[in-house]
Structures are given as C-alpha cells and as structure tokens.
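Visitor: The following block contains the structure, expressed as structure tokens.
The values are calculated or read from the model by the stated rules, or taken from the named source; none is laboratory data. It should be emphasised that the depicted structure is a prediction, and the values quoted were computed from it without experimental measurement. Please note: Cβ atoms are built from the backbone with ideal geometry, for glycine as well, and neighbour counts cover all protein chains shown.
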Amino acid sequence: MLTTRICRSGRTRRVLVLAASLAALLPDSVRAQAEIDVLEPPAPSVTCGHRRVREALGDELIGDPRGLRAPAGPPRYVVFPDRAAALTWYAGLLPILNQAGLQLGNPAPESDRGWAVLEGMVAEQWPIFQRLATQRVGELPPPQVMLIASQELNAFAMRDPRTGQLPHAIFVLAPALQLEPEALKAIIAHELSHHALGHTDPAIEQQITRYYRARGQEPLGYLQRDDAAVRNRVETWLGHAAMVGPFVDDDFGGLPLPTLGMPVLGELLFHVVRRYSRDARPECTTLRRAGQEMFASLRGAVSPAFLAFDLDSQNRSQLRSASARFRDAARGCLNGPEDALLPAAVQLFQTPAERLLRGASPEELEIFRAEAPFIDSLVELSLLHFGEMRQLMEGYAWDELRSYTTEDSADENASRVLSGIGYPEGAMARGLQPLMDEASWRACAEVLDRGEVPPFGALTDPHHSTCYRIYHIRAFDRHMRSASN
Ligand SMILES: [Zn+2]
C-alpha cells in the first residue's frame with residue numbers, strides 16, 4: 001500500500017528540522033511504524049544453502065553484503081498465548097492506528113472461514129522461517145495472523161508504537177482472501193519475512209536500506225554498496241518530500257497535494273479544509289468543488305502499473321486551473337483564527353508550538369510569524385521545500401537513483417519461502433500481478449517481454465513501482481539460481 005512515509009529525521013539541512021520535528025512528534029508516527037504493504041507473491045527454489053549468502057548472513061535469510069545481524073539485546077517479540085490475547089491487544093491499539101489515518105476495521109468474526117485458511121498458510125511456512133532465521137525466531141511458535149475487516153486489499157506487519165516491541169503477529173485485510181491461494185501465500189510469505197527479519201524495527205530497516213546509482217545495466221539492489229553521497233542527497237530530498245510530496249511541479253500551484261501518499265503539509269491543509277466541509281458560504285462551496293477537481297486530475301495522472309505520476313496536457317491544465325481557484329477560495333473560506341498555520345499545526349499534531357518550531361530555519365520562522373492567511377503561509381512554506389528539492393535534483397541524474405529497501409528484502413525472502421513450500425519458479429512474480437488491473441498488467445508485461453527495465457517508481461515509495469517489483473524478483477530468482485548452480 002502507498003503508506004505515507006514520514007521523513008526519517010536527523011538530516012542535515014536546517015529547513016528539514018521542522019519536517020523532522022513534525023514527523024517525530026506526530027502522535028501518529030504510528031504511521032511510519034506500521035509497515036503497511038502491498039501484497040506480494042512468492043518465489044524461488046532456493047534453499048538457504050547458497051554459501052556466499054550464508055556466510056554473509058549468518059542466520060538471516062537473505063544475503064546482505066554489509067552483514068545484517070539481529071539487533072543486540074533480547075528478542076523484542078511479544079508472543080500471544082492464543083488468538084484471544086492477540087485480539088485484546090489489537091482492540092487496544094486500533095483507535096491509535098485509525099487516529100493515524102490507517103482506516104482499519106475490527107477483526108473478522110470468529111465464524112469467518114478465512115481464519116483457518118490464513119492460519120494454515122502461516123503454519124505451513126513458519127518452519128522455514130524457524131530454520132532459516134533461527135537466531136531471531138527459531139524458538140517462537142507460529143505468529144498469530146489477524147484477519148481484519150477492510151475495503152482494501154492489503155496486509156502488514158508492524159511494531160507496537162506504544163512500546164516499540166514487535167507483536168508476534170501479522171495482519172491481513174479481508175479482501176486478500178479473494179485472491180488465488182498462490183497469491184495469498186505470497187503475501188503471507190512477504191509479511192512473515194518482514195516480521196521474522198525484524199524489518200519493522202527502525203534500526204534494522206536503516207541497516208538494510210541502501211542507496212545507489214543504476215548506470216547502464218540495472219543491478220540487483222542487495223548486491224550494491226550503499227553510496228553515501230547518494231544517500232545524503234536522497235534522504236535530504238525525502239525529508240522535503242515527506243512535507244510536500246515527491247512531485248516538484250509548478251502545476252501544483254505550490255500546494256502540497258497528495259499524489260503517492262499524503263505529505264505532512266497536505267495533512268495540515270486537509271485538516272483545516274475539513275472544518276469547513278459543511279460551510280454554505282459561496283467561497284467554501286467553490287473551495288470544495290475546486291478540491292474535487294484537483295483530486296480528479298491527480299487520480300487521472302497515476303499509472304497503477306508503474307506507480308508513476310504523469311500529468312497529460314488535459315490533467316495538467318485542469319489541475320492548474322483548479323488549484324488556482326482553490327487558493328483564491330481558500331483565502332475567503334479558511335479564515336478562522338485557529339486556521340493560522342501555527343495554531344492549526346499545534347492542533348493537528350497535538351504538540352506545543354515551541355517544539356514544532358524548534359530548529360526551524362529563519363525563513364520558516366518568518367512564515368510562521370507573518371500571520372498571513374492560512375493558505376498563503378502554507379503555500380509559501382511548501383515553496384521553500386519545493387525549491388530545495390529542485391536544487392537537489394538540478395544537474396543530477398535523478399532517474400539513475402535507486403534504493404534497496406526492506407520491501408525488496410521481503411520479496412526476496414518470500415520468493416525463497418514459496419520455493420521452500422513447493423511452488424515452482426516465478427510464484428512470487430505471479431503473486432504480485434493481482435496488484436495491477438488487467439490493462440496495467442498488459443502494459444507491464446509488454447515492457448518485461450521486451451527485456452526492458454520498467455520505471456523504478458518514486459523514491460518515496462519503498463515498494464517501487466509494481467512492475468519494477470516484478471522485474472526485480474524475477475532477476476533475483478535468476479541470480480539465486482545461477483549462484484546455487
Ligand atoms: Zn512489505
């Protein structure tokens with residue numbers, strides 16, 4: 001799933017500090033911690049035996065040239081004695097997750113046959129994880145699998161935002177039960193991989209993630225060294241993107257609009273707009289109408305196969321005109337005293353002003369102090385970020401930049417697990433196909449059939465584009481096969 005990724009904090013640019021503090025303080029930084037995924041499918045015929053991988057990895061499933069190891073200290077898994085205990089735990093956490101915008105439902109009723117289906121799949125796969133990740137989970141019983149009511153096709157592993165511990169459970173949203181067994185097992189394998197490899201632990205995520213450049217031939221991410229210069233540039237950029245979104249585009253009229261996920265300042269904008277959702281003044285009606293138009297053109301610009309965002313000329317002019325009307329109407333509609341930028345942020349993020357402003361740059365402070373209309377302050381702040389992003393991209397081969405993430409790692413592991421339970425080669429790649437509609441899959445298949453590398457996707461999305469993801473897991477499977485021969 002396209003979860004909003006809050007910026008990872010700690011970057012150098014001063015203008016980022018606000019982003020960092022906002023993000024760190026979101027009571028909801030839950031959102032960054034809940035590792036929500038797109039489903040994936042499974043994979044290859046690799047046992048854990050490839051020597052180089054084993055040497056590099058020790059007990060871990062997947063080869064990490066930098067030597068991934070379990071974190072120091074006792075395992076942080078919280079094992080539930082039974083499903084009832086897991087349900088009680090989930091009930092306590094649900095309001096917090098939903099407050100963070102995850103829109104999760106209650107667990108499915110006990111009578112739902114899906115419980116047995118999922119538990120059977122976890123039981124089938126778990127011994128492989130125990131064998132291959134002995135150091136972390138060798139002693140643990142199969143994790144609970146939680147079947148959650150939802151409209152959305154998704155699944156995830158997470159850590160408890162209250163304690164930092166890892167609940168020994170994975171989560172599957174009900175629509176996934178409609179998938180073919182192979183695709184569902186792929187999803188389970190992917191989520192179990194996140195769980196068993198500790199991917200939801202930020203320290204481990206940091207260890208796994210690397211940035212590199214693809215020059216000429218597309219390399220496998222896990223074989224690449226982290227390029228510190230690329231990392232610095234990309235993470236700085238990601239900090240800005242967390243605030244305003246990944247698309248530095250004049251067509252947005254300076255608005256921090258949601259495209260592949262909701263940026264922090266976008267959240268602030270919609271927090272204020274929502275206050276006026278029933279306001280009958282003409283300027284508020286215009287605002288809502290322009291907002292709907294903006295969303296329509298944004299939706300029309302996202303390609304599901306490539307998770308790319310591409311405005312055609314019609315969407316472009318629609319968005320330009322709608323965002324201009326939106327800004328004008330916002331000046332008249334969003335004008336209550338609590339709408340000013342700082343009070344609105346204090347309210348949304350439930351954090352005192354001094355903390356939000358700690359470390360803000362002089363430019364940012366000036367914007368907060370100016371007491372201009374909300375929409376003007378917001379746009380001015382967004383333009384600061386867009387400007388920094390443009391500068392970072394200028395003269396740099398941005399489309400060569402890549403990240404290797406815990407999502408790649410989970411796909412790789414899942415592929416091996418599927419192979420371990422007897423699926424033929426290509427199961428993981430096939431399991432990913434249902435993430436796209438028919439037309440998108442056809443477009444993707446054409447690219448793959450031509451032997452081309454599909455578009456990578458936005459750097460803000462650790463899953464990359466779905467088509468690239470299929471390309472990656474196929475290449476990984478081939479690599480493992482040739483390595484074990
Ligand atoms: Zn994932």
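Visitor: Within the stretch 186-210, count every residue that is at pLDDT below 90, part of a helix (DSSP H, G or I), within 13 Å of the ligand (Cβ to nearest atom) and of a type in the set (Val, Ile, Thr).
Guide: Qualifying residue count, the stretch 186-210: 1.
Visitor: Could I ask something else about it? Give the number of residues within the stretch 157-176 that are closer than 16 Å to Met121 by Cβ and crowded, with 22+ Cβ neighbours inside 10 Å.
Guide: Of the residues in that region, 7 qualify.
Visitor: Would you check if Leu132 is aliphatic (A, V, I, L, M) and closer than 23 Å to Arg113 by Cα?
Guide: no
Visitor: Turning to a different aspect of this structure: Report, by residue number, each residue of the stretch 211-222 that is under 20 Å from Arg474 (Cβ atoms) and either within 15 Å of the ligand (Cβ to nearest atom) or not small (Gly, Ala, Ser) (or both).
Guide: Correct list: Tyr212, Gln217, Glu218, Pro219, Leu220, Gly221, Tyr222.
Visitor: Filter the stretch 132-152 for residues that are part of a loop (DSSP other than H, G, I, E, B), away from the ligand (no atom under 16 Å from the Cβ) and either modelled with pLDDT of 85 or more or in contact with a strand residue (DSSP E or B) (Cβ under 8 Å, 6 or more places away or on another chain) (or both) and give the result.
Guide: Gly138, Glu139, Leu140, Pro141, Pro142, Ala149, Ser150
Visitor: Any chance the stretch 407-421 includes a residue that's over 27 Å from the mean Cα position of the chain (by Cα), touching a residue at least 12 places away in the same chain (Cβ under 8 Å), crowded, with 19+ Cβ neighbours inside 10 Å and closer than 30 Å to Gln130 by Cβ?
Guide: Yes, some residue in the stretch 407-421 is over 27 Å from the mean Cα position of the chain (by Cα), touching a residue at least 12 places away in the same chain (Cβ under 8 Å), crowded, with 19+ Cβ neighbours inside 10 Å and closer than 30 Å to Gln130 by Cβ.
Visitor: So for the stretch 398-414 (the condition being closer than 20 Å to Glu180 by Cβ, of a type in the set (S, T, N, Q) and assigned to a helix (DSSP H, G or I)), does at least one residue qualify?
Guide: No, because not a single residue in the stretch 398-414 is closer than 20 Å to Glu180 by Cβ, of a type in the set (S, T, N, Q) and assigned to a helix (DSSP H, G or I).
Residues are listed down the side, and each one gets a yes or a no for (1) within 14 Å of the ligand (Cβ to nearest atom); (2) not acidic (Asp, Glu):
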site	(1), (2)
Thr405	yes, yes
Arg430	no, yes
Asp437	no, no
Trp441	no, yes
Arg450	no, yes
Asp461	yes, no
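Visitor: Now for a different question. Cβ-Cβ below 8 Å, separation at least six or inter-chain, first residue in the stretch 308-334 and surrounded by fewer than 20 Cβ atoms within 10 Å (Cβ to Cβ), second part of a loop (DSSP other than H, G, I, E, B) and at pLDDT 95 or above: which pairs?
Guide: Final answer for the pair search is Gly332/Arg281.
Visitor: Would you be able to tell me the number of residues in the stretch 261-300 that are closer than 17 Å to Asp312 by Cα and touching a residue at least 60 places away in the same chain (Cβ under 8 Å)?
Guide: Within the stretch 261-300, residues that are closer than 17 Å to Asp312 by Cα and touching a residue at least 60 places away in the same chain (Cβ under 8 Å) number 0.
Visitor: Can you list residue pairs whose Cβ atoms sit under 7 Å apart, with the first residue in the stretch 153-166 being of a type in the set (A, V, I, L, M) and outside any loop (DSSP other than H, G, I, E, B) and the second being at pLDDT below 85 and away from the ligand (no atom under 15 Å from the Cβ)? Count only pairs 6 or more apart in sequence or on different chains.
Guide: Matching pairs, first to second residue: Leu166/Arg76.
Visitor: Considering Ile188, Ile128, which residue is of a type outside the set (Asp, Glu) and within 23 Å of Leu93 (Cα to Cα)?
Guide: Ile188
Visitor: What residue, of Ala116, Ala123, is modelled with pLDDT of 95 or more and surrounded by 12 or more Cβ atoms within 10 Å (Cβ to Cβ)?
Guide: Ala123
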